[in-house]
Amino acid sequence: MKKKVIVLGGGMVGSVMALDLAFDEGYEVTVADGNKDTLDRIVARSNGRITPENGVDFASPESITMAVKNHDIVVGAVPGSLGFAMMGAVIKAGKSMSDISFMGEDYFQWDEEAKKAGVTLMEDVGVSPGFSNVIIGSAVSGLDTVKSVDIYVTGLPSDPVEPFNYKFVFSPDDCIEEYVRPVRLKRDGKVLEMPALSENRTYSFEVDGVKLPEMEGFLTDGLRSLITTIPADNICEKTLRYPGTAERLAFLREVGLFSTEPVAVKGNRVAPRDLFAAIAYPRMQLGENEKEFTFLQIEVRGTSGGKELVHCYKVYDERDEKTGYTSMARTTGFPCAIMARLIAEGVVKMPGVHAPEAIGDNPVAVGRFIEEMEKRGVKVLKEVSETA
């Protein structure tokens, strides 16, 4: 019997998740979104396999609870600002969920309620956090001690254009938040807070013998749960961009253009970020056929059997020309859809609220997760080396 899944949100990533599940014979898919045009496009692309639902108000927990109650599993892809309340609504309906909503609140606050309801909620199941967490959790489970975890991640246009040298591959507002929100990281066993965009330096990476364009890397606040769940003294994430980006972003931030606090402008109250969005966002949208890539590198250092080891993982992906899916939508959407399958099929059964690294000590779940990613053309290159 088919599992009934509802995807909350049909945007760039939500649509990829919905379509991925819709073409799986084991699932019956409904997509909820307030934009009828969005739903029409998804239904058309699914050849009628997807049922549209435009009567759900994502700002209303009651509406969400009603929408999901007759489904077996929920996939969350609503804006981060709505994610926390959505979790409560899904738990109230007694449903499990795999979610990419990048919320500002501490989603573990729903843990006890989820346990009482006997449901499993996996949060931050995107690329990083998300895919990266699964990899890190698996690596850590095979080590006796963990010394450090370093994450490098990006999604960039293959052919950068001045002055931005960047195109949005996920929510523009969430992207700007990366450059504003203070960064939490762990150094020498202590949790520190530093400004976003700091500790910028140039990096050279290669994947399978192919050199990537030179990029700069700076601190961003993407560690989330890893700060507390991974027993390493040093944990850090850096976002990669084309050289010169951090300096430009820091200037825009410091002059106040990323602020959400309204200011008086000729008798009107205007939020500077709204002005920046109106001017810049349209110029920063990724073109329909524009080439882009996603790159993720993870280095986990620790000991095993008395040996000092480095586990290095690399993921590189490009737009799928056949489907038109961007690499960021693929590497963000596929993990969430795969995790939904693992929960729905009972491979992952962990009542409560969890981050993806929680399945790291479940080799069956991790193996299935990576296998499903590679079936979709997203390969994980792994190298384990011994340090002197």
Legend entry - Charge dipole magnitude, Cβ of K and R +1, D and E -1 - segment 131-318, Cα centre, debye nearest 20: 460
Legend entry - Candidates 288, 247, 214: whichever shows maximal mean-square fluctuation once the chain is modelled as a Gaussian network with Cα springs under 10 Å: 288
Inset, instruction - Please report 269, 248 as a ranked list, fewest other C-beta atoms within 10 angstrom at the top and most at the bottom. - result: 269, 248
Inset, instruction - Please work out the ratio of the alpha-carbon Rg of the chain to 2.2 N^0.38 Å and round it to two decimals. - result: 0.97
Legend entry - Computed lengthening from residue 1 to residue 113, 0.36 nm per intervening residue step minus Cα-Cα distance: 37.4 nm
Legend entry - Positive-end residue, the chain charge dipole about Cα centroid, Cβ charges, pick of 192, 90, 339: 90
Inset, instruction - Compute the relative contact order of segment 222-368 as a whole-number percentage, counting only Cα pairs closer than 8 Å that sit 6 or more residues apart in sequence. - result: 12
Inset, instruction - Report the extension gain between residue 158 and residue 274 in nm, rounded to one decimal, defined as 0.36 nm multiplied by the number of residues separating them, less their alpha carbon distance. - result: 39.0 nm
Inset, instruction - Pop a pseudo-label 7 angstrom from the Cα along the beta-carbon direction at both residue 361 and residue 208 and give the gap in nm to one decimal. - result: 3.4
Legend entry - Efficiency of FRET from Cβ geometry, residue 386 and residue 54, R₀ 41 Å, rounded to 0.05: 0.15
Inset, instruction - Quick one: among 237, 372, 123, which has the greatest mean-square fluctuation in a GNM of the chain with alpha-carbon springs under 10 angstrom? - result: 372
Inset, instruction - Report the charge-dipole magnitude of segment 155-251 in Debye, nearest 20, computed about the Cα centre from +1 at each Lys and Arg Cβ and -1 at each Asp and Glu Cβ. - result: 240
Legend entry - Full-extension gain in nm, residue 191 to residue 165, via 0.36 nm per residue minus C-alpha separation: 6.1 nm
Inset, instruction - Compute the separation of the alpha-carbon centres of segment 263-339 and segment 174-240 and state it in Å as a whole number. - result: 13
Legend entry - Cα-Cα over 24 Å, subset of 36/375; 115/314; 291/322; 322/375: 36/375; 115/314
Legend entry - Three-way shape call for segment 279-388 based on the alpha-carbon gyration tensor, with the a/c threshold at 1.5: oblate
Legend entry - Label-to-label distance, nm, for residues given as residue 321 and residue 145 (7 Å Cα→Cβ offset): 5.1
Legend entry - Sparse-neighbour loop sites [trypsin sites (Lys or Arg not before Pro); segment 328-380; at most 16 other C-beta within 10 Å; DSSP]: 349, 379
Legend entry - Debye log10 I(q)/I(0) at q = 0.12, 0.14, 0.15 Å⁻¹ for segment 131-318, Cα point scatterers: -0.65, -0.85, -0.96
Legend entry - the chain, relative contact order in percent, only Cα pairs under 8 angstrom and at least six apart counted: 20
Legend entry - Theoretical FRET efficiency, 1/(1+(r/R0)^6), r = Cβ-Cβ of residue 35 and residue 175, R0 22 Å, to 0.05: 0.60
Legend entry - Relative contact order (%) - segment 1-50, alpha-carbon pairs under 8 angstrom, separation at least six: 40
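FYI, it's all coordinate maths here, none of it is from the lab. Please read these numbers as outputs of a predicted model, since none were measured by experiment. Every residue, glycine among them, receives a Cβ derived from its backbone with ideal geometry; neighbour counts consider all protein chains shown.
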